[in-house]
Amino acid sequence: MSSASASPRVLSINDLSFVYGTGVGASSNENWAIKDLSLSINEGEIVSILGASGCGKSTLLNLIARLLVPSSGKIQLTHHSGTQKIGYIFQDDALFPWRTVEGNLMLAPTLSRDVSKESAEQRISQYLKTFHLDEDIRHKYPSELSGGMRQRVSIIQSLMFNPQLLLLDEPFSALDFYTKLRLESEFHELVKDQKKAAILVTHDIEEAVAISDRVFLMKKGGQLLHEFQINFGAERSPENVRGTQLFAEIYKEIWSKLQEVIGE
């Protein structure tokens, strides 16, 4: 399955398969976590993957992030703008509790030769504004922040490395509804404005419809069965599309197909 967008390609996955515990050259008799999966994602695109727990959604993200080695198939990240980096954002943040927000974010120039202290400082200021965080948050520790603030800082932590592709594993699921809506909109705007690409794994159909350009349904065994194109127009935001008739129709269609997939 591939994107119909004319934007530059960011990620191409061809015939990807993976079996836990067997590695490259796994037997076809094994129970596949991912099986013959193909997917492409373009610049400025947000793709969501829905499916039951254990169907292979997080495994796919781990394969793309090179935390796992495919049993077969190919994952290719296109080189754009001098970077091939991937940002991985989890449900639980990876902030060091003994470091301030600024201390956590300024780890980027220490960990990457591609990030200077000057550029890191510029990015911090830029992203604090993007995610509506006050400058005084720099001097606070993670324990002093609300859940929404911590997750914003966690997203900024990944953005400090200027990733081309963002992988998100249910990053908004632990937030209250209104914080979740605000953060979805901020994230959606960032991906579009900076022409990044993102893959979101979620159990939330509303979130997938509100934030995504395309939604895929995954069945157990890591196969993509259905693709839904989501188009609310150029002025769309995750907050203002909720409650529209088109939103309700897309939700109903996806829910119907998801029930079939989960039942298989």
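Among the residues of segment 214-226, are any within 17 Å of the chain's Cα centre (by Cα), crowded, with 16+ Cβ neighbours inside 10 Å, of a type outside the set (A, V, I, L, M) and at pLDDT 90 or above? Yes, some residue in segment 214-226 is within 17 Å of the chain's Cα centre (by Cα), crowded, with 16+ Cβ neighbours inside 10 Å, of a type outside the set (A, V, I, L, M) and at pLDDT 90 or above. Restricting segment 227-240 to residues that are surrounded by 17 or more Cβ atoms within 10 Å (Cβ to Cβ) and more than 19 Å from Thr179 (Cα to Cα), the residue that is farthest from the chain's Cα centre (by Cα) is Phe232. In segment 100-122, the qualifying residues are those that are part of a loop (DSSP other than H, G, I, E, B) and among the β-branched types (Val, Ile, Thr), and the one that is surrounded by the fewest Cβ atoms within 10 Å (Cβ to Cβ) is Thr100.
In the set (1) under 16 Å from the mean Cα position of the chain (by Cα); (2) aliphatic (A, V, I, L, M); (3) part of a helix (DSSP H, G or I), the condition left unmet by Leu128 is number (1).
Lys74 meets the conditions (1) within 23 Å of Glu189 (Cβ to Cβ); (2) part of a strand (DSSP E or B) in every case but one. The failed one is (1).
Regarding Ser143, is this residue at pLDDT 90 or above, surrounded by 18 or more Cβ atoms within 10 Å (Cβ to Cβ) and of a type in the set (Ser, Thr, Tyr)? Spelling it out, it is not the case that Ser143 is at pLDDT 90 or above, surrounded by 18 or more Cβ atoms within 10 Å (Cβ to Cβ) and of a type in the set (Ser, Thr, Tyr). Looking across Pro163, Pro238, one residue alone is in contact (Cβ under 8 Å) with a residue 60 or more places away in the chain and of a type outside the set (Lys, Arg). It is Pro163. Within segment 184-213, the set of residues being more than 11 Å from the chain's Cα centre (by Cα), without any contact (Cβ under 8 Å) to a residue 40 or more places away in the chain and surrounded by 23 or more Cβ atoms within 10 Å (Cβ to Cβ) comprises just one member, Ala210. Just one of the numbered conditions (1) outside the structural domain of Ser12 (by TED's automatic domain parsing); (2) closer than 30 Å to Lys257 by Cα; (3) polar (S, T, N, Q) is not true of Ser58: (1).
Screening Ser154 against (1) under 19 Å from Phe96 (Cα atoms); (2) at pLDDT below 90; (3) small (Gly, Ala, Ser) leaves a single unmet condition, (2). Applying a threshold of 7 Å to beta carbon distances and a minimum spacing of six or more residues, or different chains, the list of pairs starting in segment 241-264 at a residue that is over 25 Å from Leu181 (Cα atoms) and ending at one that is surrounded by fewer than 16 Cβ atoms within 10 Å (Cβ to Cβ) reads Val261/Leu225.
The values are calculated or read from the model by the stated rules, or taken from the named source; none is laboratory data. All of these numbers come straight from a predicted model, not from anything done at the bench. Cβ: placed from backbone, ideal geometry, glycine included. Neighbour counts: every protein chain shown.
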